[in-house]
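Inspection log for the structure reproduced underneath, given as C-alpha coordinates.
The values are calculated or read from the model by the stated rules, or taken from the named source; none is laboratory data. Quantities reported herein were computed from a predicted structural model and do not represent experimental measurements. Glycine also receives a Cβ, built like all others from the backbone with ideal geometry; neighbour counts cover every protein chain displayed. Calculation scope for accessible area: heavy atoms of the full protein, side chains included, ligands and nucleic acids excluded. Shrake-Rupley method; radii C 1.70, N 1.55, O 1.52, S 1.80 Å.
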Amino acid sequence: MTSTDRPSERAIAAAEAHSAHNYHPLPVVVASAEGAWMTDVAGRRYLDLLAGYSALNFGHRNRRLIDAAKAQLERVTLTSRAFHHDRFAAFCTELAALCGMETVLPMNTGAEAIETAIKTARKWGYRVKGVPDGQARIIVADNNFHGRTITIISFSTDPEARADHGPYTPGFDIVPYGDLAAMEAALDAGAGETVAVLLEPIQGEAGVLVPPPGYLAGVRELTRQRGVLFIADEIQSGLGRTGKTFACEYEGVVPDVYVLGKALGGGVVPVSAVVSSAEVLGVHRPGEHGSTFGGNPLACAVALEVIAMLRTGEFQGRAAELGEHLHRELARMARGGAVEEVRGRGLWAGVDIEPSRGTGRQISERLMDRGVLVKDTHGSTIRIAPPLVIGKEDLDWGLDQLRAVLAQ
Ligand SMILES: *Cc1c(COP(=O)(O)O)cnc(C)c1O
(Lines give C-alpha, C1' and ligand atoms only; values in the text may rest on other atoms or scores of the structure.)
Protein backbone atom coordinates (compact mmCIF):
# COMPACT_ATOMS: atom_id res chain seq x y z
CA MET A 1 0.00 0.00 0.00
CA THR A 2 2.70 2.45 0.93
CA SER A 3 4.90 4.47 -1.36
CA THR A 4 8.25 2.71 -1.52
CA ASP A 5 10.94 3.84 -3.95
CA ARG A 6 13.05 1.63 -6.24
CA PRO A 7 16.07 0.99 -3.99
CA SER A 8 13.77 0.11 -1.08
CA GLU A 9 11.67 -2.17 -3.27
CA ARG A 10 14.74 -4.03 -4.50
CA ALA A 11 16.11 -4.49 -0.99
CA ILE A 12 12.75 -5.71 0.30
CA ALA A 13 12.30 -8.15 -2.58
CA ALA A 14 15.77 -9.59 -2.00
CA ALA A 15 15.08 -9.95 1.73
CA GLU A 16 11.78 -11.70 0.96
CA ALA A 17 13.54 -14.11 -1.38
CA HIS A 18 16.38 -15.08 0.93
CA SER A 19 15.17 -14.73 4.51
CA ALA A 20 12.77 -16.71 6.65
CA HIS A 21 9.51 -14.81 6.97
CA ASN A 22 9.35 -14.82 10.75
CA TYR A 23 8.76 -11.05 10.73
CA HIS A 24 6.47 -8.75 8.76
CA PRO A 25 8.44 -5.49 8.79
CA LEU A 26 7.07 -2.17 7.64
CA PRO A 27 8.34 -1.51 4.10
CA VAL A 28 11.14 0.85 5.09
CA VAL A 29 14.83 0.07 4.52
CA VAL A 30 17.01 1.92 7.01
CA ALA A 31 20.51 2.92 5.97
CA SER A 32 21.60 5.18 8.82
CA ALA A 33 20.36 6.67 12.05
CA GLU A 34 21.15 9.23 14.71
CA GLY A 35 19.34 10.10 17.93
CA ALA A 36 15.61 9.63 17.37
CA TRP A 37 15.86 9.69 13.57
CA MET A 38 16.48 7.06 10.91
CA THR A 39 17.21 7.59 7.22
CA ASP A 40 16.27 5.09 4.53
CA VAL A 41 18.18 4.02 1.41
CA ALA A 42 16.46 6.76 -0.62
CA GLY A 43 17.38 9.47 1.89
CA ARG A 44 13.93 9.82 3.51
CA ARG A 45 13.95 10.58 7.23
CA TYR A 46 11.76 8.88 9.81
CA LEU A 47 11.14 9.62 13.47
CA ASP A 48 11.69 6.43 15.45
CA LEU A 49 8.88 6.00 17.98
CA LEU A 50 9.73 2.35 18.66
CA ALA A 51 13.39 2.54 19.71
CA GLY A 52 14.05 -1.14 19.01
CA TYR A 53 11.48 -2.18 21.64
CA SER A 54 13.48 -0.11 24.17
CA ALA A 55 16.88 -1.46 23.10
CA LEU A 56 17.57 2.09 21.89
CA ASN A 57 16.59 4.01 25.02
CA PHE A 58 19.65 6.25 24.61
CA GLY A 59 18.98 6.86 20.92
CA HIS A 60 20.71 5.68 17.79
CA ARG A 61 24.50 5.90 17.91
CA ASN A 62 24.61 7.75 21.19
CA ARG A 63 27.98 9.47 21.19
CA ARG A 64 29.08 8.24 24.62
CA LEU A 65 28.18 4.64 23.77
CA ILE A 66 29.80 4.72 20.33
CA ASP A 67 32.98 6.18 21.85
CA ALA A 68 33.03 3.50 24.54
CA ALA A 69 32.54 0.79 21.91
CA LYS A 70 35.23 2.22 19.62
CA ALA A 71 37.75 2.46 22.44
CA GLN A 72 37.08 -1.14 23.40
CA LEU A 73 37.27 -2.30 19.76
CA GLU A 74 40.86 -1.04 19.75
CA ARG A 75 41.79 -3.07 22.86
CA VAL A 76 40.12 -6.48 23.11
CA THR A 77 36.64 -7.65 22.04
CA LEU A 78 36.30 -11.27 23.12
CA THR A 79 38.06 -13.58 25.51
CA SER A 80 35.35 -16.12 26.38
CA ARG A 81 34.88 -16.74 30.09
CA ALA A 82 37.76 -19.20 30.00
CA PHE A 83 39.90 -16.18 30.97
CA HIS A 84 39.33 -13.03 33.00
CA HIS A 85 39.31 -9.69 31.22
CA ASP A 86 39.72 -6.21 32.62
CA ARG A 87 36.18 -4.87 32.06
CA PHE A 88 34.33 -7.76 33.65
CA ALA A 89 34.70 -6.92 37.34
CA ALA A 90 33.70 -3.29 36.81
CA PHE A 91 30.63 -4.31 34.81
CA CYS A 92 29.41 -6.75 37.45
CA THR A 93 30.18 -4.39 40.34
CA GLU A 94 28.50 -1.38 38.75
CA LEU A 95 25.44 -3.28 37.53
CA ALA A 96 24.93 -4.92 40.93
CA ALA A 97 25.17 -1.46 42.55
CA LEU A 98 22.66 0.05 40.10
CA CYS A 99 20.25 -2.76 41.03
CA GLY A 100 20.98 -2.64 44.77
CA MET A 101 21.96 -6.31 44.50
CA GLU A 102 25.12 -8.34 45.00
CA THR A 103 25.65 -10.62 42.06
CA VAL A 104 25.45 -10.51 38.27
CA LEU A 105 25.28 -13.32 35.72
CA PRO A 106 25.77 -11.85 32.24
CA MET A 107 24.24 -13.29 29.08
CA ASN A 108 23.48 -11.80 25.65
CA THR A 109 19.81 -11.83 24.70
CA GLY A 110 16.76 -11.39 26.87
CA ALA A 111 15.55 -14.92 26.26
CA GLU A 112 18.89 -16.32 27.44
CA ALA A 113 18.67 -14.26 30.59
CA ILE A 114 15.12 -15.51 31.24
CA GLU A 115 16.31 -19.10 30.68
CA THR A 116 19.12 -18.37 33.12
CA ALA A 117 16.65 -17.00 35.70
CA ILE A 118 14.49 -20.12 35.32
CA LYS A 119 17.49 -22.44 35.72
CA THR A 120 18.64 -20.40 38.71
CA ALA A 121 15.22 -20.49 40.40
CA ARG A 122 14.86 -24.24 39.89
CA LYS A 123 18.33 -24.92 41.19
CA TRP A 124 17.79 -22.60 44.17
CA GLY A 125 14.55 -24.49 44.82
CA TYR A 126 16.31 -27.86 44.94
CA ARG A 127 19.50 -26.80 46.73
CA VAL A 128 18.26 -24.11 49.11
CA LYS A 129 14.50 -24.42 49.51
CA GLY A 130 14.49 -28.22 49.54
CA VAL A 131 11.96 -28.85 46.78
CA PRO A 132 11.88 -32.57 45.80
CA ASP A 133 13.99 -33.21 42.69
CA GLY A 134 12.19 -32.57 39.41
CA GLN A 135 9.12 -31.03 41.06
CA ALA A 136 9.89 -27.28 40.88
CA ARG A 137 7.09 -25.04 39.60
CA ILE A 138 7.17 -21.42 38.45
CA ILE A 139 4.11 -19.17 38.34
CA VAL A 140 3.77 -16.84 35.33
CA ALA A 141 1.02 -14.54 34.04
CA ASP A 142 -1.19 -14.90 31.01
CA ASN A 143 -0.36 -12.67 28.02
CA ASN A 144 3.28 -12.73 29.12
CA PHE A 145 6.17 -12.18 26.77
CA HIS A 146 9.53 -13.41 28.01
CA GLY A 147 11.22 -14.49 24.76
CA ARG A 148 11.17 -17.16 22.10
CA THR A 149 12.95 -20.31 23.29
CA ILE A 150 11.09 -23.61 23.57
CA THR A 151 10.86 -23.37 27.35
CA ILE A 152 9.72 -19.76 27.31
CA ILE A 153 7.03 -20.24 24.66
CA SER A 154 5.90 -23.32 26.59
CA PHE A 155 4.34 -20.95 29.13
CA SER A 156 3.11 -18.38 26.59
CA THR A 157 -0.65 -17.98 26.14
CA ASP A 158 -0.23 -16.51 22.66
CA PRO A 159 -1.17 -19.19 20.11
CA GLU A 160 1.00 -17.52 17.45
CA ALA A 161 4.08 -17.81 19.64
CA ARG A 162 3.30 -21.32 20.83
CA ALA A 163 1.64 -23.38 18.09
CA ASP A 164 3.55 -26.21 16.39
CA HIS A 165 6.55 -25.96 18.71
CA GLY A 166 5.73 -28.78 21.11
CA PRO A 167 6.45 -30.90 23.03
CA TYR A 168 6.44 -28.15 25.63
CA THR A 169 8.50 -27.75 28.79
CA PRO A 170 6.44 -28.56 31.91
CA GLY A 171 6.67 -26.89 35.32
CA PHE A 172 4.78 -23.61 34.83
CA ASP A 173 1.46 -22.41 36.24
CA ILE A 174 -0.32 -19.57 34.45
CA VAL A 175 -2.47 -17.07 36.35
CA PRO A 176 -4.36 -13.97 35.12
CA TYR A 177 -2.10 -10.90 35.13
CA GLY A 178 -3.05 -8.34 37.75
CA ASP A 179 -5.24 -10.70 39.81
CA LEU A 180 -3.75 -10.93 43.29
CA ALA A 181 -6.31 -13.44 44.58
CA ALA A 182 -5.47 -15.79 41.70
CA MET A 183 -1.79 -15.40 42.50
CA GLU A 184 -2.38 -16.23 46.15
CA ALA A 185 -4.45 -19.30 45.21
CA ALA A 186 -1.74 -20.54 42.83
CA LEU A 187 0.94 -20.02 45.47
CA ASP A 188 -1.13 -21.96 48.00
CA ALA A 189 -1.90 -24.75 45.52
CA GLY A 190 1.80 -25.13 44.73
CA ALA A 191 3.14 -24.70 48.26
CA GLY A 192 6.19 -26.90 48.63
CA GLU A 193 7.01 -26.96 44.89
CA THR A 194 6.71 -23.36 43.75
CA VAL A 195 10.16 -21.79 43.52
CA ALA A 196 9.41 -18.51 41.75
CA VAL A 197 6.92 -16.05 40.33
CA LEU A 198 8.07 -14.59 37.02
CA LEU A 199 6.36 -11.35 35.92
CA GLU A 200 6.79 -8.32 33.72
CA PRO A 201 6.08 -5.30 35.98
CA ILE A 202 4.39 -3.83 32.90
CA GLN A 203 3.48 -6.22 30.07
CA GLY A 204 5.08 -4.76 26.95
CA GLU A 205 4.22 -7.06 24.07
CA ALA A 206 0.71 -7.57 25.42
CA GLY A 207 0.06 -3.88 24.71
CA VAL A 208 1.80 -2.01 27.56
CA LEU A 209 -0.51 -3.35 30.28
CA VAL A 210 0.03 -1.72 33.67
CA PRO A 211 -1.20 -3.94 36.52
CA PRO A 212 -3.72 -2.53 39.02
CA PRO A 213 -2.23 -0.47 41.86
CA GLY A 214 -0.97 -2.67 44.68
CA TYR A 215 -0.52 -5.77 42.50
CA LEU A 216 3.27 -5.84 42.40
CA ALA A 217 3.53 -4.93 46.09
CA GLY A 218 0.99 -7.66 46.86
CA VAL A 219 2.96 -10.25 44.87
CA ARG A 220 6.09 -9.13 46.69
CA GLU A 221 4.43 -9.68 50.06
CA LEU A 222 2.91 -13.07 49.11
CA THR A 223 6.20 -14.39 47.73
CA ARG A 224 8.15 -13.11 50.73
CA GLN A 225 5.78 -14.85 53.15
CA ARG A 226 6.08 -18.15 51.30
CA GLY A 227 9.79 -18.15 50.54
CA VAL A 228 9.23 -17.96 46.77
CA LEU A 229 11.52 -15.91 44.52
CA PHE A 230 10.01 -12.88 42.80
CA ILE A 231 11.66 -12.57 39.39
CA ALA A 232 10.98 -9.25 37.66
CA ASP A 233 11.47 -9.31 33.90
CA GLU A 234 12.54 -5.69 33.43
CA ILE A 235 14.06 -6.38 30.00
CA GLN A 236 11.72 -3.86 28.36
CA SER A 237 10.34 -1.90 31.32
CA GLY A 238 13.69 -1.31 33.01
CA LEU A 239 16.61 1.07 32.54
CA GLY A 240 14.78 4.36 32.27
CA ARG A 241 11.83 3.69 29.99
CA THR A 242 9.10 4.31 32.58
CA GLY A 243 10.75 7.33 34.22
CA LYS A 244 12.52 5.24 36.83
CA THR A 245 15.44 2.84 36.63
CA PHE A 246 13.03 -0.06 37.27
CA ALA A 247 9.26 -0.15 36.80
CA CYS A 248 9.03 -2.07 40.11
CA GLU A 249 10.01 1.16 41.89
CA TYR A 250 6.54 2.59 41.22
CA GLU A 251 5.27 0.25 43.92
CA GLY A 252 8.35 0.40 46.11
CA VAL A 253 9.02 -3.21 45.20
CA VAL A 254 12.45 -4.80 45.23
CA PRO A 255 12.25 -8.24 43.62
CA ASP A 256 14.63 -11.09 44.43
CA VAL A 257 15.84 -11.25 40.85
CA TYR A 258 16.00 -8.65 38.07
CA VAL A 259 16.25 -9.83 34.48
CA LEU A 260 17.69 -7.12 32.24
CA GLY A 261 18.44 -6.84 28.54
CA LYS A 262 17.56 -4.61 25.60
CA ALA A 263 18.77 -1.11 26.66
CA LEU A 264 21.64 -2.63 28.67
CA GLY A 265 23.49 -3.07 25.36
CA GLY A 266 22.97 0.60 24.44
CA GLY A 267 21.60 -0.31 21.02
CA VAL A 268 25.13 -1.39 20.08
CA VAL A 269 25.53 -5.01 21.19
CA PRO A 270 23.22 -7.57 22.82
CA VAL A 271 23.79 -7.55 26.58
CA SER A 272 21.53 -9.17 29.14
CA ALA A 273 21.94 -10.15 32.76
CA VAL A 274 20.36 -11.81 35.74
CA VAL A 275 20.98 -9.77 38.88
CA SER A 276 20.26 -11.09 42.35
CA SER A 277 21.70 -11.94 45.74
CA ALA A 278 24.85 -13.95 46.31
CA GLU A 279 22.68 -16.66 47.86
CA VAL A 280 20.46 -17.08 44.81
CA LEU A 281 23.07 -16.77 42.05
CA GLY A 282 25.55 -18.64 44.24
CA VAL A 283 23.84 -21.90 43.29
CA HIS A 284 25.76 -21.97 40.00
CA ARG A 285 29.10 -23.81 40.05
CA PRO A 286 31.79 -23.83 37.34
CA GLY A 287 30.70 -25.72 34.25
CA GLU A 288 27.00 -25.84 35.15
CA HIS A 289 25.85 -22.86 33.07
CA GLY A 290 27.41 -20.39 30.66
CA SER A 291 27.60 -18.58 27.34
CA THR A 292 30.51 -18.07 24.95
CA PHE A 293 29.67 -14.40 24.43
CA GLY A 294 28.14 -13.58 27.81
CA GLY A 295 30.05 -10.81 29.58
CA ASN A 296 32.47 -10.24 26.71
CA PRO A 297 34.77 -7.17 26.85
CA LEU A 298 32.90 -5.18 24.19
CA ALA A 299 29.54 -5.89 25.85
CA CYS A 300 30.92 -4.94 29.27
CA ALA A 301 32.47 -1.71 27.98
CA VAL A 302 29.22 -0.55 26.36
CA ALA A 303 27.05 -1.65 29.29
CA LEU A 304 29.37 0.12 31.74
CA GLU A 305 28.73 3.36 29.87
CA VAL A 306 24.97 2.63 29.90
CA ILE A 307 25.12 2.15 33.68
CA ALA A 308 27.12 5.36 34.13
CA MET A 309 24.51 7.25 32.10
CA LEU A 310 21.67 5.78 34.16
CA ARG A 311 23.41 6.69 37.41
CA THR A 312 23.00 10.38 36.60
CA GLY A 313 19.21 9.98 36.63
CA GLU A 314 19.06 12.27 33.59
CA PHE A 315 17.38 9.73 31.31
CA GLN A 316 14.86 8.60 33.89
CA GLY A 317 14.01 12.27 34.50
CA ARG A 318 13.58 12.90 30.80
CA ALA A 319 11.35 9.85 30.40
CA ALA A 320 9.20 10.99 33.33
CA GLU A 321 8.87 14.57 32.12
CA LEU A 322 8.34 13.88 28.41
CA GLY A 323 6.22 10.88 29.33
CA GLU A 324 3.84 13.09 31.26
CA HIS A 325 3.54 15.27 28.17
CA LEU A 326 3.04 12.23 25.91
CA HIS A 327 0.29 10.80 28.08
CA ARG A 328 -1.43 14.20 28.38
CA GLU A 329 -1.51 14.49 24.58
CA LEU A 330 -2.70 10.91 24.09
CA ALA A 331 -5.44 11.43 26.70
CA ARG A 332 -6.58 14.43 24.71
CA MET A 333 -6.78 12.25 21.56
CA ALA A 334 -8.79 9.72 23.57
CA ARG A 335 -11.29 12.41 24.51
CA GLY A 336 -11.59 13.18 20.79
CA GLY A 337 -12.80 9.62 20.18
CA ALA A 338 -10.11 8.37 17.78
CA VAL A 339 -8.35 6.53 20.58
CA GLU A 340 -10.18 4.10 22.85
CA GLU A 341 -7.65 3.58 25.59
CA VAL A 342 -4.11 4.60 26.46
CA ARG A 343 -1.92 2.75 28.95
CA GLY A 344 1.65 3.07 30.08
CA ARG A 345 4.17 4.91 32.17
CA GLY A 346 6.89 7.34 31.24
CA LEU A 347 7.85 7.42 27.56
CA TRP A 348 5.94 4.21 26.92
CA ALA A 349 2.35 3.96 25.72
CA GLY A 350 0.01 1.32 24.37
CA VAL A 351 -2.62 3.09 22.31
CA ASP A 352 -5.83 1.27 21.36
CA ILE A 353 -7.09 2.88 18.17
CA GLU A 354 -10.85 3.08 17.65
CA PRO A 355 -11.21 0.09 15.25
CA SER A 356 -13.10 1.89 12.46
CA ARG A 357 -9.98 4.06 11.91
CA GLY A 358 -8.00 1.00 10.77
CA THR A 359 -5.96 -1.85 12.13
CA GLY A 360 -2.78 -1.18 14.05
CA ARG A 361 -0.86 -2.26 10.96
CA GLN A 362 -2.74 0.18 8.72
CA ILE A 363 -2.19 3.02 11.16
CA SER A 364 1.53 2.11 11.32
CA GLU A 365 1.77 2.15 7.51
CA ARG A 366 0.03 5.51 7.25
CA LEU A 367 2.36 6.89 9.91
CA MET A 368 5.32 5.55 7.95
CA ASP A 369 4.12 7.46 4.88
CA ARG A 370 4.25 10.57 7.06
CA GLY A 371 7.76 9.81 8.33
CA VAL A 372 6.95 8.24 11.69
CA LEU A 373 7.80 4.66 12.66
CA VAL A 374 5.80 2.74 15.26
CA LYS A 375 4.88 -0.91 15.69
CA ASP A 376 1.44 -2.38 16.04
CA THR A 377 0.55 -5.19 18.40
CA HIS A 378 -2.62 -7.23 18.84
CA GLY A 379 -5.12 -5.83 16.35
CA SER A 380 -5.78 -2.14 16.86
CA THR A 381 -3.03 -1.33 19.35
CA ILE A 382 0.09 0.65 18.52
CA ARG A 383 3.04 1.09 20.83
CA ILE A 384 4.82 4.37 21.31
CA ALA A 385 8.25 4.14 22.90
CA PRO A 386 10.62 6.75 21.49
CA PRO A 387 14.29 6.93 22.40
CA LEU A 388 14.52 8.79 25.72
CA VAL A 389 16.74 11.39 24.01
CA ILE A 390 13.94 12.52 21.67
CA GLY A 391 13.40 16.29 21.56
CA LYS A 392 10.04 17.63 22.71
CA GLU A 393 9.43 19.30 19.33
CA ASP A 394 10.14 16.03 17.52
CA LEU A 395 7.78 14.16 19.81
CA ASP A 396 5.09 16.78 19.22
CA TRP A 397 5.63 16.54 15.48
CA GLY A 398 5.24 12.76 15.69
CA LEU A 399 2.02 13.17 17.67
CA ASP A 400 0.75 15.64 15.05
CA GLN A 401 1.26 12.94 12.41
CA LEU A 402 -0.69 10.47 14.54
CA ARG A 403 -3.50 13.00 14.92
CA ALA A 404 -3.54 13.54 11.14
CA VAL A 405 -3.60 9.80 10.43
CA LEU A 406 -6.45 9.24 12.89
CA ALA A 407 -8.44 12.09 11.34
CA GLN A 408 -8.28 10.46 7.87
C1 LIG B 1 12.21 -8.45 24.41
C2 LIG B 1 11.82 -9.11 25.66
C3 LIG B 1 12.35 -10.36 26.02
C4 LIG B 1 13.23 -11.17 25.10
O5 LIG B 1 14.42 -10.50 24.76
P6 LIG B 1 15.24 -10.98 23.46
O7 LIG B 1 16.50 -10.19 23.54
O8 LIG B 1 14.41 -10.64 22.26
O9 LIG B 1 15.46 -12.45 23.60
C10 LIG B 1 11.98 -10.89 27.24
N11 LIG B 1 11.16 -10.23 28.07
C12 LIG B 1 10.63 -9.03 27.76
C13 LIG B 1 9.73 -8.34 28.73
C14 LIG B 1 10.92 -8.43 26.54
O15 LIG B 1 10.38 -7.27 26.21
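Summary table below
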{"item": "Arg45 versus Arg75: modelled label distance in nm, points set 7 Å from Cα along the beta carbon direction", "result": "3.5"}
{"item": "Convex hull of segment 233-336 built on C-alpha atoms - directionally averaged projected area, nm²", "result": "8.5"}
{"item": "Relative contact order (%) - criterion: Cα under 8 Å, at least six apart; region: segment 279-358", "result": "19"}
{"item": "Chain lengthening between Glu279 and Tyr126 when straightened (0.36 nm per residue, less Cα-Cα)", "result": "53.8 nm"}
{"item": "For the chain, the Rg and Dmax computed from alpha carbons only, in angstrom", "result": "21.3, 63"}
{"item": "Residue-normalised accessible area of segment 261-408, expressed per residue, 1.4 Å probe, Å²", "result": "37"}
{"item": "Percent antiparallel among DSSP beta bridges (both partners in the chain, rounded to 5)", "result": "65"}
{"item": "Quotient of C-alpha Rg and 2.2 N^0.38 Å, computed over segment 1-114", "result": "1.42"}
{"item": "Whole-angstrom gap from segment 112-128 to segment 2-47, using each part's C-alpha centre", "result": "40"}
{"item": "Segment 75-311 pair-distance distribution - Cα-Cα, 5 Å bins, rounded %", "result": "1, 7, 14, 19, 20, 17, 12, 7, 2, 0, 0"}
{"item": "Length released on extending from Thr312 to Arg63, taking residue separation times 0.36 nm less the Cα-Cα span", "result": "88.0 nm"}
{"item": "Distance (nanometres) between label positions extended 7 Å along Cα→Cβ at Val30 and Asp188", "result": "4.9"}
{"item": "Förster-model FRET efficiency, 22 Å R0, Ala15 and Thr149, C-beta, rounded to 0.05", "result": "0.35"}
{"item": "Fluctuation leader among Gly238, Gly218, Gly134 - the chain, Gaussian network, Cα springs under 10 angstrom", "result": "Gly134"}
{"item": "Relative contact order (percent, whole number), segment 75-311, Cα cutoff 8 Å, 6+ residue spacing", "result": "30"}
{"item": "Protection proxy ranking of 335-348, 199-212, 68-81 - average other beta-carbon atoms within 10 Å, highest first", "result": "199-212, 335-348, 68-81"}
